[in-house]
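A.B. asks: Sharing a structure below in structure tokens format, with a few things to ask.
What follows is calculated from the coordinates using simple rules that are stated; it is not laboratory data. Just so it is clear, the model here is predicted, and its values are computed rather than measured. Neighbour counts run over all protein chains shown; Cβ positions are idealised from the backbone, glycine included.
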Amino acid sequence: MSVSETGRLPGDPTPQARVARMIRVDHAGEYGAARIYAGQLAVLGRGDKAALLRHMLAQEQQHLATFSDLVAQRRVRPTALLPLWHLAGYALGAATAALGERAAMACTVAVEEAIDTHYARQAAELGEDETELRATIEKFRAEELEHRDIGLAHEAEQAPGYRLLSALIKAGCRAAIAASERL
């Protein structure tokens, strides 16, 4: 088959490999997100934001369960970086929470904005043969945007150093996405 017949260049991943990468990175991302909220709850679990954090954690755990099932059903190799995301996610959540409720909410906003961009790209990339996966990604994207909106409503942008904190967290998310797709 020629390039014009397949639309792929030599070395490009097959459609199956691209979907496997999507599932791998989304599984890793939802795992990391659950760890972030666990870290935030460890610090803020008795404060007035505890119920919000538990709500967001419960949704992330549902997302993680869905992608864990997809990893098993489609025989996708999980990222080798899960132990790192276990520690890094929790540390990010606990550290931002230690800076205060607004910083924890700023972390939520930054992470969810990065994930929104990521999920939007994935949904646009999926073919007609992956309508169920696209629907799952779009549903989860809407819930991630709900989390972002919760963070904004709870004064995330008033956190000290918001722009810098947000930029650093988003850069970290992009790096984690790139690494988790491949490793």
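A.B. asks: Say R0 is 45 Å: what FRET efficiency, to the nearest 0.05, do D69 and A95 get from their beta-carbon distance? Kindly include the intermediate steps, with their values, before the conclusion.
C.D. replies: Numbers: r = 31 Å, r/R0 = 0.69.
Approximately 0.90, to the nearest 0.05.
A.B. asks: Kindly put E112, E101 in sequence by how many other C-beta atoms sit within 10 Å of each C-beta, fewest to most.
C.D. replies: E101, E112
A.B. asks: Arranged by the count of other C-beta atoms within 10 angstrom, fewest first, what order do I177, I36, I115 take?
C.D. replies: I177, I115, I36
A.B. asks: Sticking with this one: In the chain, if the dipole is taken from +1 on Lys/Arg beta carbons and -1 on Asp/Glu beta carbons about the Cα centre, which of H147, L183, V111 is farthest to the positive end?
C.D. replies: With unit charges placed on the Cβ atoms, the residue in question is L183.
A.B. asks: Moving on. Return the single residue from A95, A72, A123 with maximal mean-square fluctuation; model: Gaussian network over the chain, springs between Cα atoms under 10 Å.
C.D. replies: Fluctuation is largest for A72.
A.B. asks: Could you calculate the contour length gain from R182 to L82, that is, 0.36 nm times the residue separation minus the distance between their Cα atoms, to one decimal place in nm?
C.D. replies: Extending this stretch completely gives an extra 34.7 nm.
A.B. asks: Which value, in debye to the nearest 20, gives the size of the charge dipole of the chain about its Cα centre, when Lys and Arg are +1 and Asp and Glu are -1 at the Cβ?
C.D. replies: In debye, rounded to 20, the chain gives about 640.
A.B. asks: Please arrange K139, K49, K170 by how many other C-beta atoms lie within 10 Å of their C-beta, fewest to most.
C.D. replies: K139, K170, K49
A.B. asks: Can you work out the FRET efficiency for the pair H55 and L9, with r the C-beta to C-beta distance and R0 = 35 Å, to the nearest 0.05?
C.D. replies: The formula returns an efficiency of 0.20 here.
A.B. asks: If you average 1/r over every pair of different alpha-carbon atoms in the range 49-96 and take one over that average, what Kirkwood value in Å do you get? Before the final figure, lay out the partial values.
C.D. replies: Numbers: mean 1/r = 0.0808 Å⁻¹.
Here the Kirkwood hydrodynamic radius works out to 12.4 Å.
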